[in-house]
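The values are calculated or read from the model by the stated rules, or taken from the named source; none is laboratory data. Predicted model only: the values in this text are computed from it and were never measured. When we count neighbours, we look across all protein chains shown, and the Cβ atoms used for this are built from the backbone with ideal geometry, even at glycine.
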Amino acid sequence: MFVVAFGLGWYIMKSIYTREGISLEKRDKLFVYTVVATLLGARLGHVIFYQSELFHDDPMSILLPISTKPSLHFTGFAGLASHGAAIAIIIVMFYYSRKVVHKPILWILDRIVIPVAGGAIFVRLGNFFNSEIIGKPTTEDSFMAMKFIRGEEYNGPLGERAVMAKTQMNTANEAYNVLAHDPQYTDFFCEFSLSLSSTIV
């Protein structure tokens, strides 16, 4: 979703800059600054607000997709905070407005709010697709009811350990895939249908 959000933002800012007679070279710098600020700010925001222990326990995992605790292993890029990205973008826009485009800070903030809002929509859609945003429990007959297989806590009835034990699969991804597509687990799902059915918040 990041790619869609940044691509759409680039396109929107192109039309804004063209209409206002600002060079596209300055737009390209804005794009690079915004991408870097978003990614670094989101990651650092997550670490500062939610995992500050990483600064002394595992500093390499802050910006690299690895962890050294308990041993060196690949983790992927996980843990991004949108408010960290927002703070970083605002800070970078101060620099950009003074050194690159030579306009007041409110001028650039007024223009980037359009693609940033669009980006926020795509980020939230990505959260929804990854079952990271779960709404209130509802009944199955609601037209907005959805089943979130991965929406349970790690040790819950549909947590990774429980699902792997139930399906006898070696990885959580395989277990959830079997659980979602194999009809023999329909009864297992029915037991937890109320806890799985949710509406969009």
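The table below gives the values:
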{"quantity": "Residue within the range 145-158 that is modelled with pLDDT under 70, among the basic types (Lys, Arg) and more than 29 Å from residue 38 (Cβ to Cβ) present", "calculated": "yes"}
{"quantity": "Check on residue 9, over 14 Å from the mean Cα position of the chain (by Cα), buried (at least 17 other Cβ atoms within 10 Å of the Cβ) and modelled with pLDDT under 95", "calculated": "yes"}
{"quantity": "Yes/no for residue 49 being modelled with pLDDT of 90 or more, of a type in the set (Phe, Trp, Tyr) and under 17 Å from the mean Cα position of the chain (by Cα)", "calculated": "yes"}
{"quantity": "Selection within the range 56-85 - at pLDDT 90 or above and crowded, with 17+ Cβ neighbours inside 10 Å", "calculated": "84, 85"}
{"quantity": "Sole exception among (1) in contact with a strand residue (DSSP E or B) (Cβ under 8 Å, 6 or more places away or on another chain); (2) aromatic (Phe, Trp, Tyr); (3) at pLDDT 70 or above for residue 189, by number", "calculated": "(3)"}
{"quantity": "The range 56-75 residues that are closer than 21 Å to residue 45 by Cβ and in contact (Cβ under 8 Å) with a residue 12 or more places away in the chain, paired with ones that are among the polar types (S, T, N, Q) and part of a loop (DSSP other than H, G, I, E, B) (beta carbon under 8 Å, 6 or more apart)", "calculated": "61/68; 61/75; 65/75"}
{"quantity": "Helices (runs of 4 or more DSSP H) completely within the range 26-145 that count 1 or more residues being closer than 15 Å to residue 2 by Cβ, among the small types (Gly, Ala, Ser) and in contact with a helix residue (DSSP H, G or I) (Cβ under 8 Å, 6 or more places away or on another chain)", "calculated": "82-99, 105-129"}
{"quantity": "Criterion (at pLDDT 80 or above and under 27 Å from the mean Cα position of the chain (by Cα)) met by exactly one of 177, 173", "calculated": "177"}
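To keep it simple, each residue is scored yes or no on (1) over 26 Å from residue 112 (Cα atoms); (2) among the aliphatic types (A, V, I, L, M).
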residue: 4; (1), (2): no, yes
residue: 23; (1), (2): no, no
residue: 44; (1), (2): no, yes
residue: 56; (1), (2): yes, no
residue: 69; (1), (2): yes, no
residue: 81; (1), (2): no, yes
residue: 86; (1), (2): no, yes
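Matching residues to (1) surrounded by 19 or more Cβ atoms within 10 Å (Cβ to Cβ); (2) of a type in the set (D, E, K, R):
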site	(1), (2)
90	no, no
96	yes, no
107	no, no
112	yes, no
115	yes, no
121	no, no
124	no, yes
127	no, no
135	no, no
